[in-house]
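K.L.:
Structure in structure tokens, see below.
The values are calculated or read from the model by the stated rules, or taken from the named source; none is laboratory data. Bear in mind that the values here come from a model prediction, so they are computed numbers and not experimental data. Using ideal geometry, Cβ is built from the backbone for each residue, glycine included, and neighbour counts are taken over all protein chains shown. Side chains are part of the model used for accessible areas, which takes the heavy atoms of the whole protein and leaves out ligands, DNA and RNA. Shrake-Rupley method; radii C 1.70, N 1.55, O 1.52, S 1.80 Å.
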Amino acid sequence: MNIRSIYIDFDKNILEINGFPIKKKTVAYLPRDDGWEISKLFNPDNSTEECDRIRVTLKST
């Protein structure tokens, strides 16, 4: 999948890629200011054991 846009809202439990809601069980990882990550499992009730992972990385130059 080519990601052209991504929208993640941990508080409202929203994960969208390219304008479409993601329905698969997916873990999203976002960086925090202190160097650690926060993560959230989206669609935990999906019956599959496997889940996709999205990790956002920020680099400053």
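K.L.:
Restrict the search to the chain; then list the GluC sites (Glu not before Pro) that DSSP places in a loop and that have at most 12 other Cβ atoms within 10 Å of their Cβ.
P.N.:
E49, E50
K.L.:
Mean separation of Cα pairs under 8 Å and 6+ residues apart, divided by the residue count of the chain: what relative contact order is that in percent?
P.N.:
Computed over the chain, the figure is 28 percent.
K.L.:
I would also like to ask the following. Suppose every Lys and Arg Cβ carries +1 and every Asp and Glu Cβ carries -1, with no other charges. What dipole size does the chain come out with about its Cα centre, to the nearest 20 debye?
P.N.:
In debye, rounded to 20, the chain gives about 220.
K.L.:
Okay, moving on. Quick one: if you stick a label point 7 Å off each Cα along the C-beta vector at K40 and I14, how many nm between them?
P.N.:
1.0 nm
K.L.:
Convert each backbone phi in segment 21-27 into a coupling constant with the Karplus relation 6.51 cos²θ - 1.76 cosθ + 1.60 (shift: θ = phi - 60°), then list the ³J(HN,Hα) values in order as whole Hz, x for Gly and Pro.
P.N.:
Working through the residues one at a time gives x, 8, 9, 6, 5, 9, 9 Hz.
K.L.:
Which loop-located trypsin sites (Lys or Arg not before Pro) does the chain contain, where loop means any DSSP state but H, G, I, E or B and the Cβ has at most 16 other Cβ atoms within 10 Å?
P.N.:
R4, K12, K23, K24, R32, K59
K.L.:
On the full set of protein chains, 1.4 Å probe, figure out the accessible area of S60 and give it in Å² to the nearest 10.
P.N.:
110 Å²
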